[in-house]
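The values are calculated or read from the model by the stated rules, or taken from the named source; none is laboratory data. Here the structure is a predicted model, which means the values were calculated and not measured. With ideal geometry, Cβ positions are generated from the backbone for all residues, glycine too; neighbour counts draw on all protein chains shown. Side chains are part of the model used for accessible areas, which takes the heavy atoms of the whole protein and leaves out ligands, DNA and RNA. Shrake-Rupley method; radii C 1.70, N 1.55, O 1.52, S 1.80 Å.
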Amino acid sequence: MASSWDEEFGSAGPTEEEAGSDVELLKRAWRNEKASPEILQFQSELIRRVHEQIQLQEERVEEFVNDKMDDLVVSLHQMDLDRTQYLLKSYLRIRLHKIEKYMFHISKTDLLNRLSEQEQIFTQRCIEIMEKHLHQSVLSKLPYGYQSVTKQSISSEEDDMVPAPELDTFVFCKTKSAVGAFQLDEMGDEIVDLVADDLYVLRYKSIKGLVENGQIDLI
Amino acid sequence: MYGRRASQLLKEQSSCEEGQLTPFDQGAFDEVIKECDEHNNKLQSSIRKIEEQSLDIQTTRNEDHFGAVIHHLSLIRNKRCLMAYMYNRAEVIQGYKWKNIGRLLPQEIQKKLNYSEQEYFKNHSAAVDSYINELDLDLTVDMVPPKDPYIRVRVLDEIGDEVSLGDRAVSLTKDSLHFLRRTDAEPYISQGLMEEFLE
């Protein structure tokens with residue numbers, strides 16, 4: 001279904017031909033985001049294209065209904081549309097949940113650069129309302145020197161009360177191309193040979209860089 | 001025993017189910033705050049005693065110093081417990097927005113929140129709504145992967161007699177059965193006003 005839709009819209013950009021259609025790319029981005037403990041780079045170009053295609057498809061379905069096209073065909077197009085809509089919305093929702101959970105951590109590290117502009121605004125607002133709420137209910141009643149949201153007290157050297165994502169969690173992943181001998185941790189104790197198209201269970205921290213480069217996909 | 005009240009407060013919260021809240025325990029909360037004040041007073045007076053004896057604050061290791069350390073550590077433990085209590089409840093409140101409960105929380109939930117938490121719910125809902133409007137995509141529907149574009153539903157509570165869904169007007173009286181588009185039915189289902197009819 002997705003491929004015939006693509007033929008009509010000539011979707012995927014020139015460089016993405018081998019990767020498949022935009023829906024495939026969206027599915028991949030969605031899976032990676034779902035499985036990863038931390039927030040990943042926002043795929044702004046992809047999302048923009050998918051959004052446009054969804055709108056076009058919605059218009060087409062309406063035309064079909066007005067032209068009294070066969071109900072079965074219309075509902076097949078509608079299904080396809082619904083499935084893509086679900087992927088898109090779920091992708092955005094997963095990211096919002098991660099922002100809600102780790103707002104302080106994201107804003108204080110360079111993870112902030114992985115967010116879209118609207119997500120950055122959302123993060124800022126979340127932080128403001130959370131700080132206001134915590135200050136109003138707890139912090140203003142505590143003695144001076146213990147009123148910071150992110151530090152336990154003014155004698156703490158750094159922000160010690162910021163919840164951060166657990167990067168040590170194990171994730172299932174699949175290599176896209178051969179990576180070869182890969183060092184799993186800094187101590188150089190374990191070296192794993194990563195061949196193409198193979199399934200592995202590894203700590204997220206070790207393969208973080210590979211996920212960012214697109215050499216490995218999370219499942 | 002220092003910190004016991006605070007850990008009781010947290011145990012109360014953790015004893016309830018995921019995604020649910022216990023009523024806000026203002027009494028226990030205030031007691032912990034009072035404890036913190038007492039710790040602070042004792043801490044300050046220990047420090048003053050050290051200063052009065054003209055000893056160096058940074059390096060003195062006498063009983064006043066250790067007393068001050070204990071009070072400081074108890075204080076930050078209480079702070080961590082209180083923050084955890086509030087933060088945890090705030091996360092549950094964030095979840096309410098995504099369950100599509102509506103602009104106002106139902107009475108039974110409102111009762112469990114203190115004033116600041118009710119404010120927090122309103123502000124958080126507004127922040128999410130603002131993001132949704134920016135994108136022009138309603139993220140609170142399509143929460144499950146679609147299996148069928150049309151589903152059978154039964155109306156649980158009286159919704160209305162001439163509700164217009166899409167281009168049709170449907171009479172949604174209690175216990176009536178309908179064959180609706182999933183996207184139309186979803187908001188009612190998540191609010192508990194309708195249920196899906198599975199064979």
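Any idea which residue in the stretch A:96-122 is most open to solvent (accessible area, probe 1.4 Å), counting only those that are under 16 Å from the mean Cα position of the chain (by Cα), without any contact (Cβ under 8 Å) to a residue 60 or more places away in the chain and facing chain B (nearest Cβ under 10 Å)?
By that ranking, first place goes to A:117.
Starting from the stretch A:151-167, keep only residues that are at positive phi, then list their pairs with residues that are of a type in the set (Ser, Thr, Tyr) whose Cβ atoms are within a distance under 7 Å, requiring at least 6 positions of separation or different chains.
none
For residues in the stretch A:150-166 being among the aliphatic types (A, V, I, L, M) and more than 8 Å from chain B (Cβ to nearest Cβ), which is surrounded by the most Cβ atoms within 10 Å (Cβ to Cβ)? Walk me through how you get there before you give the answer.
Just the residues of the stretch A:150-166 that are among the aliphatic types (A, V, I, L, M), to begin with: A:154, A:161-162, A:164.
If we keep only those that are more than 8 Å from chain B (Cβ to nearest Cβ) too, we end up with A:154, A:162, A:164.
Working: A:154: 10, A:162: 17, A:164: 15.
Looking at the filtered set, the residue picked out is A:162.
Only residues that are touching a residue at least 60 places away in the same chain (Cβ under 8 Å) and open to solvent by 20 Å² or more (accessible area, probe 1.4 Å): list them for the stretch A:24-46, please. Please lay out each step first, then the result.
Within the stretch A:24-46, the first condition is being touching a residue at least 60 places away in the same chain (Cβ under 8 Å), and the residues that meet it are A:26-42, A:44.
Scanning the stretch A:24-46 gives A:27, A:28, A:30, A:31, A:34, A:35, A:37, A:41, A:42, A:44.
Evaluate the stretch A:64-86: report whether one residue or more is basic (Lys, Arg), within 10 Å of chain B (Cβ to nearest Cβ) and surrounded by 15 or more Cβ atoms within 10 Å (Cβ to Cβ).
As a first pass, look at the stretch A:64-86 and keep what is basic (Lys, Arg): A:68, A:83.
Cutting the leftovers down to within 10 Å of chain B (Cβ to nearest Cβ) gives us A:83.
Checking which are surrounded by 15 or more Cβ atoms within 10 Å (Cβ to Cβ) leaves us with A:83.
Yes, there is a match, as at least one residue in the stretch A:64-86 is basic (Lys, Arg), within 10 Å of chain B (Cβ to nearest Cβ) and surrounded by 15 or more Cβ atoms within 10 Å (Cβ to Cβ).
Residues A:127, A:39: which one is under 25 Å from residue B:123 (Cα atoms) and in a loop (DSSP other than H, G, I, E, B)?
Numbers: A:127 fails: in a loop (DSSP other than H, G, I, E, B).
It is A:39.
If the requirement is being within 11 Å of chain B (Cβ to nearest Cβ), modelled with pLDDT of 90 or more and open to solvent by less than 80 Å² (accessible area, probe 1.4 Å), which of these qualifies: A:125, A:93? Quick ask: steps written out before the conclusion?
Numbers: A:125 fails: open to solvent by less than 80 Å² (accessible area, probe 1.4 Å).
Of the residues listed, the single one that is within 11 Å of chain B (Cβ to nearest Cβ), modelled with pLDDT of 90 or more and open to solvent by less than 80 Å² (accessible area, probe 1.4 Å) is A:93.
Can you give me the number of residues within the stretch B:103-113 that are within 11 Å of the chain's Cα centre (by Cα) and part of a loop (DSSP other than H, G, I, E, B)?
Residues that pass the stated criteria total 2.
In the stretch A:165-219, how many are more than 16 Å from the chain's Cα centre (by Cα), hydrophobic (A, V, I, L, M, F, W, C) and in a loop (DSSP other than H, G, I, E, B)?
6
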